[in-house]
Structure formats: structure tokens, C-alpha cells
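Novice: What follows is a single structure, and I will ask about it in a moment.
The values are calculated or read from the model by the stated rules, or taken from the named source; none is laboratory data. Fair warning: this is a prediction, and the values are worked out from it, not measured in the lab. Glycine also receives a Cβ, built like all others from the backbone with ideal geometry; neighbour counts cover every protein chain displayed.
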Amino acid sequence: MTWRDPKRGYWLLGLVVPTLPLLAWAHVRATGQGIFWWLGPLVVFGLVPFVDHAIGKDASNPPEAAVGRLEADRYYRWCVYLFLPLQFASLVFACWIWTYGGLATAEKLGLALTVAMVAGISINTAHELGHKHSAHEKWLSKLALAQTGYGPTTPAELARRSRCGSAGRTAGSAGRRAQRAGRHSRPGRCTRRCP
């Protein structure tokens, strides 16, 4: 019997994330309540942890025999690809609302944090695309990172830094000590010789 992914349909839920600024606007428009500009933080720090806890741990993985077929299934790739146009459409829309929407300061802050939630989660999209081997997926990975300012950093570079152990240390005291000692020219560089 061929293994079927019981969570296949849930992949589409990932496409809700890049639409959070649009959903926030729709809720504000429908209710007149500016609190919905804070939808991003409410979903990411409230709803998602609640649902995650309610569902519980899921340690199930597809059998090795099904992995090749799943990787060749374009449905999963398109779920990841579609994140990008939604991400940038929401960013452009949010910029327009910020400029012309007549938002109060607290509403602008909520909108900014909602957009930041999308940008932060786009790092995961970039990570998944960075695992692929085709040039267009590597390029899409960089595109996904552009909103966060990581655009020039390749996924391979991020993986190298992670293996090297520098990712978590560079912003701390070890990175500052290395900078003072002249082991690298700018903050954020690895303090050890990496492969």
C-alpha cells in the first residue's frame, strides 16, 4: 500500500501567514476596531502556541520509501513558492496603508509588528528553499530573505555559520572580544576558522 500524507491539506495553512497584514485590514474594516492591526503578534504569540499545545507533539514522519515521491510532488513546492508573492503583496499593501490609511500611532505599531511577523516567518521559507538544489530555488530563497535584510546572505552561508557555532555567539561578548582582538573586521563575523 502506498503511504499518503495525512497532513497534506494543512500545508495550505502556511499561506495564511503572509496574508496577516491583509487579514488585519479586513478585520479592522469589518469591525472598526484598531486592535486588529496587532493580528500578527496575536496569531504568532497567542493562537499558534495555543493550537500547538492543543494538538500536542507529532513525532510521525513519512517512511523512507515515500520521501523521494514526496520531494517530487510539486504540490509541496508550490505551497512554499506561493508564500513569496503573498509576502510581498502584503508588504506593499502595508506600506500603502501606513502612508495613506490614517492610522494612529498604536495602530501603525501594530501593523509594523504584523509585517515583522511575516518577515520573520519568511526566514523559514527561505530555509526550506535553500535546501533545494536548483538555481531558481536558491534565488527564491534569497528573495524571501530580502525583506529581513538577509538577502545577500546565502542559505549555504547561514548553514556554514550554524555548523561553525558562530551564529549565536557573534552578538555576544565572545564576538566583541574577537573584534577587539582583531580576529575579524566587522561584527557578526565568525570568531573561529570554519570549514
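Novice: Which residues, counting only those in the range 53-63, are at pLDDT 90 or above and not aliphatic (A, V, I, L, M)?
Specialist: The answer is His53, and nothing else.
Novice: Then there is this: Could you say which residue among Val16, Val80, Val51 is β-branched (Val, Ile, Thr) and over 26 Å from Ala146 (Cβ atoms)?
Specialist: On the way: Val16 fails: over 26 Å from Ala146 (Cβ atoms); Val80 fails: over 26 Å from Ala146 (Cβ atoms).
Matching residue, one of Val16, Val80, Val51: Val51.
Novice: Here's a follow-up. Only one of Gly40, Gly32 is modelled with pLDDT of 90 or more and within 16 Å of Ser122 (Cβ to Cβ). Can you tell me which?
Specialist: Gly40
Novice: So which residues in the range 125-147 are outside any helix (DSSP H, G or I) and crowded, with 18+ Cβ neighbours inside 10 Å?
Specialist: The one that is outside any helix (DSSP H, G or I) and crowded, with 18+ Cβ neighbours inside 10 Å: Gln147.
Novice: Could you please tell me which pairs satisfy a Cβ distance under 7 Å, a separation of 6+ or placement on different chains, a first residue in the range 47-70 that is part of a loop (DSSP other than H, G, I, E, B), and a second residue that is surrounded by 10 or more Cβ atoms within 10 Å (Cβ to Cβ)?
Specialist: Partner pairs satisfying both residue conditions: Pro62/Trp3; Pro62/Asp5; Pro62/Leu70; Pro63/Trp3.
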